[in-house]
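Novice: Sharing a structure below in structure tokens format, with a few things to ask.
The values are calculated or read from the model by the stated rules, or taken from the named source; none is laboratory data. Computed from a prediction, not measured in an experiment: that's the story for all the values here. Quick reminder, even Gly has a Cβ in these numbers, built from the backbone with ideal geometry, and neighbours come from all protein chains shown. With ligands, DNA and RNA removed, areas are computed over all heavy atoms of the protein, side chains included. Shrake-Rupley method; radii C 1.70, N 1.55, O 1.52, S 1.80 Å.
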Amino acid sequence: LPVLIRGLKDDRKDLNRVKTIIGIPGHWKDRYELLESLVKQKILFAGNVLRDLETETTIQAEVYPYDSDLAMAFYYASNGTISEKELNQIHEHTHTLYLIFESVDTKELLNVLRLGSKILHAGGLAVKVETSGIAHSKEKWLALTEEPGEIALYRALVSKIEGNQCYYSCGMHQFGLRDAMVQDNLLGQESANQLLDGFLLYLLIEKPSIQAGHTFSLDPQSPVYRIDETACTFYPPDDLFFNPRGYWTLSRLDQI
């Protein structure tokens, strides 16, 4: 991640001001060619401000030159789901356009999702979400714009990580919500990810009022988990992955 982008910090005095940062590499030979390509998609880019004329979305943007480590970063962030051919194309990129957005509003985030698709149509190769560490191929990102709102956003912006004796999410701070952590030594990664997906989508779509001590289960036949809360200790406060709201922890009742 370029130094300027890596150095960006969220304003921790206001939990509603959380950044979403998306990087899109391309083969644009210079800034002028990038501007021309964006105009064809009805996007204006002047200074460090990018504006989608169709949705009137206006965000900060930065252009960075070639980065020799970028393809490897995409490989790891995509968990190997980006093909070797696509990784080679990313390795040969000339510039990367970074979108820097401050809002937790679902409608505005969806506009940024669609804006990313337009930039892919303007010559972008793939998408990496710097604020959660997840990457998507061009085909997958474009497909996400066809899905229902919150589900598409969740799949686009949130990653799941295997930690030390737990599994946890990263990226829910982009919605102004806590992330979640599963503590269950009987679950493998796939089952833990399903539990995280079910719980976090429930939070995102239904917006329930949850308190420590409540319980959660995917269905009547699934294990029941006690919900507690904890601070974010996986990342320092100035890290783009840091969630200032902390985590919901899911602990299996028959293991407590």
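Novice: What percent of all Cα-Cα pairs in region 209-256 falls into each 5 Å bin, going from 0 up to the bin containing the maximum distance?
Specialist: 5, 21, 21, 17, 15, 12, 7, 2, 0
Novice: Report ³J(HN,Hα) in whole Hz for each residue of region 62-70, in order, from the Karplus equation J = 6.51 cos²θ - 1.76 cosθ + 1.60 where θ = phi - 60°; Gly and Pro get x.
Specialist: With the stated coefficients, region 62-70 comes to 9, 10, 10, x, 3, 10, 5, 8, 5 Hz.
Novice: Over all directions, how big on average is the projection of the convex hull of the alpha-carbon atoms in region 119-187, in square nanometres?
Specialist: Numbers: hull surface 22.6 nm².
Across all orientations, region 119-187 yields a mean hull projection of 5.6 nm².
Novice: Just to check I understand the Karplus step: with θ = phi - 60° and J = 6.51 cos²θ - 1.76 cosθ + 1.60, what whole-Hz values come out for region 20-27, glycine and proline as x?
Specialist: Ordered by residue, 3J(HN,Hα) equals 10, 10, 10, x, 10, x, x, 9 Hz.
Novice: For the chain, take the longest principal axis of its alpha carbons; what is the angle in degrees between that and the long axis of helix 106-121, to the nearest 10 within 0 to 90?
Specialist: Helix 106-121 sits roughly 40 degrees off the main axis of the chain.
Novice: Might you work out the accessible area of residue 146 for me, using a 1.4 Å probe with all protein chains in place, and round it to the nearest 10 Å²?
Specialist: Using a 1.4 Å probe on the heavy atoms, I get roughly 150 Å².
Novice: Let me ask you something else. Charges only on Cβ, +1 for Lys and Arg, -1 for Asp and Glu: so what's the dipole of the chain about the Cα centre, in debye to the nearest 20?
Specialist: Details: 25 positive and 35 negative charges, 69 e Å.
Around 340 debye, computed over the chain.
Novice: At 1.4 Å probe size, put 129, 63 in order of accessible surface, largest to smallest. Walk me through the numbers on the way to the answer.
Specialist: Details: 129 0, 63 40 Å².
Putting 129, 63 in descending order of accessible area: 63, 129.
Novice: So how much slack lies between residue 66 and residue 164, counting 0.36 nm per residue of separation and subtracting their Cα-Cα distance, in nm?
Specialist: 31.8 nm
Novice: Okay, moving on. For residue 131, list long-range residues whose amide hydrogen, built 1.01 Å from N in the peptide plane, is under 5 Å from its own amide hydrogen.
Specialist: Amide H neighbours of residue 131: 21.
Novice: Which Rg and Dmax, in Å, describe the Cα atoms of region 64-172?
Specialist: Answer for region 64-172, Rg first and Dmax second: 13.9, 43 Å.
Novice: Let me ask something else about it. Please report the equivalent ellipsoid semi-axes of region 169-215, computed as sqrt(5 x eigenvalue) of the Cα gyration tensor, largest first, in whole Å. The partial results should precede the final answer.
Specialist: On the way: eigenvalues 72, 34, 19 Å².
With the √(5λ) rule applied to region 169-215, the semi-axes are 19, 13, 10 Å.
Novice: How high is the FRET efficiency from residue 48 to residue 229, r the C-beta distance, R0 35 Å, rounded to 0.05? Numbers along the way, then the final one.
Specialist: On the way: r = 37 Å, r/R0 = 1.07.
Result of the calculation: an efficiency of 0.40.
Novice: Kindly rank 171-179, 239-247 from highest to lowest mean number of other beta carbons found within 10 Å of each residue.
Specialist: Details: 171-179: 23.4, 239-247: 19.3.
Final packing ranking: 171-179, 239-247.
Novice: Could you list the square roots of 5 times each eigenvalue of the Cα gyration tensor of the chain, that is, the equivalent ellipsoid semi-axes, sorted largest first and rounded to whole Å?
Specialist: Working: eigenvalues 226, 69, 55 Å².
Rounded to whole Å, the semi-axes are 34, 19, 17.
Novice: Now for a different question. Please list, in chain and number order, the residues 5+ apart from residue 229 or on another chain whose amide H is under 5 Å from its amide H, with Hs placed from the backbone.
Specialist: So residue 229 has HN proximity to 249.
Novice: Something else: Distance between Cα centroids, region 46-117 to region 156-212: provide it in whole Å.
Specialist: Using only Cα atoms to place each centre, the spacing works out to 24 Å.
Novice: Here is a follow-up. Need one number for region 146-256: average projected area of the convex hull over its C-alpha atoms, nm². Mind dumping the intermediate values first?
Specialist: Numbers: hull surface 28.9 nm².
About 7.2 nm², averaged over all directions.
Novice: Between residue 189 and residue 39, what FRET efficiency follows from the Cβ-Cβ distance if R0 is 35 Å, with the result rounded to 0.05?
Specialist: On the way: r = 44 Å, r/R0 = 1.26.
Taking R0 as 35 Å, the efficiency between residue 189 and residue 39 is 0.20.
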